[in-house]
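The values are calculated or read from the model by the stated rules, or taken from the named source; none is laboratory data. Quantities reported herein were computed from a predicted structural model and do not represent experimental measurements. Note that each Cβ is placed from the backbone with ideal geometry, even for glycine, and that neighbours are counted across all protein chains shown.
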Amino acid sequence: MATNNAAIETLSERAAQMRESMEKTQAITDNMVAILGSFDHRLSALETAMRPTQALF
């Protein structure tokens, strides 16, 4: 029975570590999505600003 409880405890600890890792990964993913969205917005603004300049040449 003690071996069974130890195995369950080990699996619970691993599950907790995986859950924590998944949460960190999700936070990183969310931050990257925000960064890339901001970059896309700024790039679109730059492209819009450059259009009149490109039309002159």
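Annotations
- Residue 29 vs. criteria out of contact with any helix residue (DSSP H, G or I) (no Cβ under 7 Å at 6 or more places or on another chain), surrounded by 10 or more Cβ atoms within 10 Å (Cβ to Cβ), β-branched (Val, Ile, Thr) and modelled with pLDDT of 90 or more: yes
- The stretch 37-56: number of residues that are modelled with pLDDT under 95 and of a type in the set (Lys, Arg): 1
- Positions within the stretch 1-33 being more than 14 Å from the chain's Cα centre (by Cα), part of a helix (DSSP H, G or I) and among the aliphatic types (A, V, I, L, M), in sequence order: 2, 6, 7, 8, 11, 15, 16, 18
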